[in-house]
1. Note the full-extension length gain between residue 267 and residue 145 as 0.36 nm times their separation in residues minus their Cα-Cα distance, in nm to one decimal.
2. Short version: ³J(HN,Hα) in whole Hz for each residue of the stretch 174-185, in order, from phi by Karplus 6.51 cos²θ - 1.76 cosθ + 1.60 (θ = phi - 60°), x for Gly and Pro, what are they?
3. Find out how many positive minus negative residues lie around residue 189, taking Lys and Arg as positive, Asp and Glu as negative, among other residues whose Cβ is under 14 Å from that of residue 189.
4. Tell me, what is the Rg over Rh of the stretch 30-317, with Rh the Kirkwood radius over Cα pairs?
5. Show me the ranking of peptides 147-159, 206-218, 169-181 by mean Cβ neighbours inside 10 Å, starting with the highest.
6. Note the full-extension length gain between residue 179 and residue 51 as 0.36 nm times their separation in residues minus their Cα-Cα distance, in nm to one decimal.
7. Listed highest first by mean packing, meaning other Cβ atoms within 10 Å per residue, what order do 36-45, 189-198 come in?
8. From a point 7 Å beyond the Cα of residue 161 in the direction of its Cβ, which residues of the stretch 122-142 have a backbone N at a distance under 20 Å?
Amino acid sequence: MLIIIHSLVTPASLTALESQNTTMRFVSEFVLLGFPGQKEMQNFFFSFILVIYLLTLLGNGIIVCIVKWDKQLHTPMYIFLGNFAFLEIWYTSSTVPNMLVNILSETKTISFTGCFLQFYFFFSLGTTECFFLSVMAYDRYLAICRPLHYPSIMTGKLCVALVCVCWVSGFLCYPVPIVLISQLPFCGPNIIDHFVCDPGPLFALACIPAPSTELLCYTFNSLIIFGPFLFILGSYTLVLRAVLRVPSGAGRTKAFSTCGSHLMVVSLFYGTLMVMYVSPTSGNPTGMQKIITLVYSAVTPLLNPLIYSLRNKDMKDALKKVLGLRSNQN
């Protein structure tokens with residue numbers, strides 16, 4: 001039997017096997033199909049996403065500048081808001097510019113390295129956003145539930161430490177899952193029916209099934225999503241109990257307004273994330289996946305300044321002050 005097998009393995013077949021193995025291991029690029037449709041529809045998607053992106057940069061950039069220029073806003077709450085707005089600029093920039101280029105491109109290709117770099121920055125920045133939402137919920141809990149101890153607990157050093165922990169830990173979470181996925185053999189086809197490099201389509205393109213890696217990634221995603229979410233939920237449950245005990249109607253209204261803004265952002269961001277990444281067997285149609293991804297990658301960063309900050313009285317007063325100073329200087 002060994003002799004027969006040896007005779008069947010000719011130099012030509014060895015060359016074919018080596019060629020196949022090389023193809024499996026060295027896919028040099030992927031094709032992101034993006035949004036379907038004719039040229040007119042593609043132009044509509046390009047214009048729509050470009051407007052959203054520019055408004056997102058403008059809105060979040062205004063918040064960053066206001067927090068930096070107005071010294072009265074140099075408090076933990078607004079320092080967190082300023083960092084959150086700065087994060088949103090980079091979060092949406094990790095996918096939207098490539099999305100716009102992809103719409104105009106004829107080939108719609110992205111290199112293997114570029115795909116996984118986008119994957120890394122998109123998910124790392126999203127993880128950092130989860131951590132910032134948790135820290136902001138903790139800050140509101142201290143301010144409302146423990147107002148007398150707030151200045152002694154939320155000191156400047158703790159505020160800076162929490163900001164650093166959010167940024168650093170967010171970027172340290174995903175290297176291992178991304179390395180594991182990138183080491184899978186990709187032998188073709190290399191077409192991703194999406195506009196971003198997402199783990200689901202990448203697993204589908206792998207030449208061999210990787211249930212352990214897939215389970216690890218989905219478990220990891222669930223922990224990243226549910227851990228901060230449950231912390232936020234617990235914090236605001238305690239905040240709600242404290243607010244309901246406030247005797248003043250004006251005080252309850254102000255507290256509800258602040259916490260309501262936070263909860264709207266949390267609901268919008270976490271709701272779309274859970275639909276996409278918590279269950280590996282969700283079976284969402286490709287079109288629905290694209291819409292959900294577009295919501296949390298482009299639309300949510302646009303709405304956050306409106307929901308979170310620009311409707312805040314202190315932020316609006318600071319904006320008027322800064323604009324007034326700038327106009328007087330000119």
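1. So the chain would gain 41.7 nm between residue 267 and residue 145.
2. For the stretch 174-185, the Karplus curve yields 9, x, 5, x, 5, 4, 4, 5, 5, 7, 5, x Hz.
3. Numbers: positive: 108; negative: 29, 193.
In short, -1.
4. Working: Rg = 20.3 Å, Rh = 20.3 Å.
Rg/Rh for the stretch 30-317 comes to 1.00.
5. On the way: 147-159: 12.3, 206-218: 14.5, 169-181: 16.2.
Highest-to-lowest ranking by the protection proxy: 169-181, 206-218, 147-159.
6. Working: separation 128, 0.36 × 128 = 46.08 nm, distance 3.44 nm.
Additional length available on full extension: 42.6 nm.
7. Values: 36-45: 12.0, 189-198: 19.0.
Descending mean neighbour count gives 189-198, 36-45.
8. 131-142
Each value in this text was obtained by applying a stated rule to the coordinates, not by laboratory testing. Keep in mind it's a predicted model, so treat the numbers as computed, not measured. A quick note on method: Cβ atoms are made from the backbone with ideal geometry, for glycine too, and the neighbour counts reach across all protein chains shown.
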